[in-house]
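Any read-out appearing in this document is the output of simple, stated calculations on the displayed coordinates, not a laboratory observation. Everything numeric here is computed off the predicted structure, so don't read it as measured data. Counting neighbours? That spans all protein chains shown, and the Cβs are built from the backbone with ideal geometry, glycine included.
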Amino acid sequence: MTIILFISSLLATMAIGMPIAYALLACGVVLMWHIGLFDGQILAQNILSSAGSFPLLAIPLFILAGEVMNNGGLSRRIINLAIAMFGHLRGGLGYVVIFAGVILASLSGSALADAASLTALLLPMMVMAGYDKSKAGGLIAASSVLGTIIPPSIGFIILGVASGLSITKLFLSGIVPGILIAIALSATWWLSSRRSTIALSPKASTGQRVKALVDSFWALLLPVIIVVGLRFGVVTPTEAGAVAAIYALLVATVIYRELKLTDLVNILFQTAKTTAAVMFLVAAAAVPAWMISLADIPGQIIGLIEPLMNHPTLLVAVIMLLMIPISMTMDLTPNVLVLSPIFVPIVKAAGVDPIYFGVLFMINCSIGLITPPVGTVLNVVCGVGKLKFEDLVKGAFPMIIAQFLVLALLVIFPDLVLVPASWFF
């Protein structure tokens, strides 16, 4: 009964158009009333205590770092390097998008920020070169979701806080799966562009490549600092966010000198707006998360799926299949906040490595960013690139299939995540 009440109250509030944060609060209140523990003071305490979690401080810091990178020339230099390296290949600008997506993911941790940056800088260039606009936009959208998989992923920070998993381990475990997705996108793009009749761009000379590499050196150094710092325990994820923000500011203002101090007002304003939206969701989700634990909903679900508990791979596969329609209809942050407190205890009880499951969970949620009907990243690309939503969905479809194939591969062969993760740990 509790499970049915939880699901129906959440779906009902969302169906009437209630904003997701308020829907989560309402769902939590319904559960409190059902159990007989309704208390306004407990409600307020959960909201305040969840928003005051120290690891969540990394979120505004990484958002600030991403805004500075996009406005201070770091992102543009990464793209210039990618063009110098891959621009001459058949379908070369597509590989530029994927390479830039990987590097920007390791800088910003935000799929939405990467989508806006890549669309603004590369989509006009691809259209001018003769690429199909919807296919180019679809590739950009698919490459942007790497920002939630490759560290420093803001999604992993939220997942770690919501489920109690190590954020550092989630960060380091996301590196190889993120690279595998990038390889899958490259293979898909190669298949779709191998017969392209678009004229090839001239190959950059060695001198031009060296110049582009030197020019982007300071931008490329940031992900190295973060990963090495996390690997050797020099910094925590929150401290890594502070390092990223300060480093980006120094590079943008002192070395590249493209960011004026007067620009900081707008950057801080945009950071505050994004942070407020994310943190309100986190705070609102604390109420149903607490009630999920109190009502032992994970235990009730374990009772329903008990035959699967002795078959970990099958259990993970079923959960991933169940999550696909949910990820398609609910945005990443509420998805993580609502589902991770339910599923993580279940997979732990079945003997599945929770960090491995967390990586697959995040990949599933990330693919939902580029699938209709919600597709938050698709909407960003549509808005910035002036594309029709249905055209972009068609262009992104092969890339979505490629990402689902990688997810299936990781479900069947867990060592693809576990073995590389053990190297980092």
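Taking label positions 7 Å along the Cα-Cβ direction at both Asn266 and Arg194, the computed distance is 4.5 nm, reported to one decimal.
Within the same chain, lysines fewer than 8 places from Lys169 are excluded, and of the rest, those with a Cα less than 26 Å from its Cα are Lys348. Note on the chain: with charges restricted to the Cβ of Lys and Arg (+1) and Asp and Glu (-1), its dipole about the Cα centre is near 1380 debye. What the Kirkwood sum gives for the stretch 341-425 is a hydrodynamic radius of 14.6 Å, with every pair of different alpha carbons counted.
Beyond 33 Å, the tail of the calculated P(r) for the chain holds 33 percent of the Cα pairs. Straight-line cross-link reach from Lys133 at under 12 Å between alpha-carbon atoms covers these aspartates and glutamates, not counting any fewer than eight positions away in the same chain: Asp391.
Taking Cα atoms only, the orientation of helix 40-51 departs from the longest principal axis of the chain by about 30 degrees.
Its Cα gyration tensor gives the stretch 75-209 an equivalent ellipsoid, and the semi-axes of that ellipsoid, as √(5λ) in whole Å with the largest first, are 29, 14, 13. Selection among Val347, Ile292, Ile246 by position relative to the dipole of the stretch 2-424 gives Ile246 as farthest towards the positive end (Cβ unit charges, Cα centre). Counting only alpha carbon atoms, the long axis of helix 332-349 and the longest principal axis of the chain meet at about 60°. Compared with the dominant Cα axis of the chain, that is its longest principal axis, helix 175-193 is turned about 60°.
Volume per residue for the stretch 148-276 equals 181 cubic angstrom (convex hull of Cα atoms). Here's how it looks for His88: its modeled amide H is under 5 Å from those of Ala204, which are all 5 or more places away or on a different chain. Taking other C-beta atoms within 10 angstrom as a stand-in for reagent exposure, Arg195, Arg209, Arg257 fall in the order Arg195, Arg257, Arg209, fewest first.
Below 8 Å between Cα atoms, with a sequence gap of 6+, how large is the relative contact order for the stretch 209-339 in percent? RCO, the stretch 209-339: 19 percent. Just to confirm my numbers, what's the Cα centroid distance between the stretch 68-109 and the stretch 370-423 in Å? Rounded to whole Å, the Cα centres lie 18 Å apart.
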